[in-house]
Amino acid sequence: MRKNLFKVAAAIAVFSVAGTSLVAQRGAGPRRDVARVPPASPVAAAAGDVKSVLFNWMWYMGMLRGVQENDAVATLELQATGTLRVGGQPCTATAVSPRWGSEEDGAAKPSGYRVSANYQIPGMRVQYNCMGANGQMRKGIEVVSGRYAWDEDMLGAGLVAGKGRATPMPNALDERLIRLWASPQGAPKAAAAGGANTKVSVEGGKAVVTFPIPGVAGAVAKATLNAMNQAERIEVRQGTTTTEFTYERYADYNPPDDRIDGFYAGHIVEKRDGVTVRDLTTAETEVGNLYVVIPVPDSVQNATAGAR
């Protein structure tokens, strides 16, 4: 399985311009006059044209850059407000940190809901600070990287001896990988990495893309694209568990001085077996390939290896 993850990362890299900064390519957004124009997605899907459907999906997300129109999105930073379930209870996140401050200036403390994701070396860190129905503040840091999942009591917990505690969460691995690869940007990348296992069809006049979730055995995603070729609904089935994501209000949520036609969903709802676990409103994104790394603490690797 671990070897398969490396294959997935390599496949995703084929669709990427390694080390390319979207900020450096400001103004070099996707242009129809420098590449072939694929047919409309429902038409392409009806013809079984997977390549054209995926091209449209990434194109209308603003992920394709340069004359060759390769996927150049490697990382994501997202801040949002809304509700999430913590300990089985709803918790409301409202605060948003100043624009991507450093750890030293305090922005590392969980504030609102923040996601840091790396798609090329697959991993994601979710920080939240929210208020429960009883008025009690809750905070946490949930991490996944490769085949490891863990919680942190501070950013980078366990990487330096004596600093912070990293708690292995192997039972949360599948859930977190599904959240990464069924996200607005992660899903088209996972579909592209699916190779022959990725299929397209038409349902209700809309293009539908079916693909396996990288690293999660038996998990299959079904993405329905809207009229703008962006995912409006993604359903992931794994055994008896169904996770449903709905996305709407796509726009460029990057800071006003950093708009690069990089789009993301403005409203995100995640349900697991019919129960809402995330209902978020995007406050700000950074799709300009900020530096995001998620190393796995030795203690997590050792504990997980011992449990296998």
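The values are calculated or read from the model by the stated rules, or taken from the named source; none is laboratory data. From a predicted model like this one, the values you see are computed outputs, not experimental measurements. Positions of Cβ are backbone-derived with ideal geometry, glycine not excepted, and every protein chain shown enters the neighbour counts.
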* Asked: Does at least one position in segment 174-181 carry a residue that is buried (at least 22 other Cβ atoms within 10 Å of the Cβ), in contact with an Asp or Glu (Cβ under 6 Å, 6 or more places away or on another chain) and not charged (D, E, K, R)?
  -> no
* **Residue check for ARG165: assigned by TED's automatic domain parsing to the domain that holds THR94 and over 22 Å from GLN301 (Cα atoms)** => no
* Select from segment 200-223 the residues that are touching a strand residue (DSSP E or B) at 6+ places or on another chain (Cβ under 6 Å) and under 14 Å from VAL43 (Cα atoms) and write down the one among them that is surrounded by the fewest Cβ atoms within 10 Å (Cβ to Cβ). => SER201
* Asked: For segment 230-259, which residues satisfy the criterion of being in a loop (DSSP other than H, G, I, E, B) and touching an Asp or Glu at 6+ places or on another chain (Cβ under 7 Å)?
  -> ASP252, TYR253, ASN254, PRO255, ARG259
* Just a yes or no: is a residue in segment 245-259 touching a Phe, Trp or Tyr at 6+ places or on another chain (Cβ under 6 Å), of a type in the set (Val, Ile, Thr) and either crowded, with 18+ Cβ neighbours inside 10 Å or modelled with pLDDT of 90 or more (or both)? -> no
* **Filter pass, THR282 being within 24 Å of LEU173 (Cα to Cα), out of contact with any Ser or Thr (no Cβ under 8 Å at 6 or more places or on another chain) and surrounded by 15 or more Cβ atoms within 10 Å (Cβ to Cβ)** => no
* Structure fact -> All conditions in (1) over 15 Å from VAL216 (Cβ atoms); (2) outside any strand (DSSP E or B); (3) of a type outside the set (Ser, Thr, Tyr) are true of ASP151 except (2)
* To do: Taking LYS163 as meeting all but one of (1) under 20 Å from ILE213 (Cα atoms); (2) modelled with pLDDT under 95; (3) basic (Lys, Arg), write down the number of the exception.
  => (1)
* To do: Please name all residue pairs, on different chains or six or more residues apart, with Cβ atoms under 8 Å, provided the first residue is in segment 42-63 and is under 28 Å from THR285 (Cβ atoms) and free of Cβ contacts under 8 Å to residues at least 60 places away in the same chain and the second residue is hydrophobic (A, V, I, L, M, F, W, C) and assigned to a helix (DSSP H, G or I).
  => SER52/ALA44
* Quick one: ALA227 ticks every box in (1) within 24 Å of GLN120 (Cα to Cα); (2) of a type in the set (A, V, I, L, M); (3) part of a loop (DSSP other than H, G, I, E, B) except a single one, so which number is it? => (1)
* **Per-region count, segment 261-279, residues outside any strand (DSSP E or B) and closer than 15 Å to TRP181 by Cα** => 1
* Structure fact -> A careful count of residues in segment 139-158 that are basic (Lys, Arg) and either crowded, with 20+ Cβ neighbours inside 10 Å or touching a strand residue (DSSP E or B) at 6+ places or on another chain (Cβ under 8 Å) (or both) gives 1
* Among the residues of segment 169-191, is any more than 15 Å from the chain's Cα centre (by Cα), at pLDDT 95 or above and at positive phi? -> no
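Condition first: in a loop (DSSP other than H, G, I, E, B) and either more than 30 Å from LEU64 (Cα to Cα) or not β-branched (Val, Ile, Thr) (or both). Now tell me which residues in segment 280-295 satisfy that.
Scanning segment 280-295 gives GLY288, ASN289, LEU290, TYR291, PRO295.
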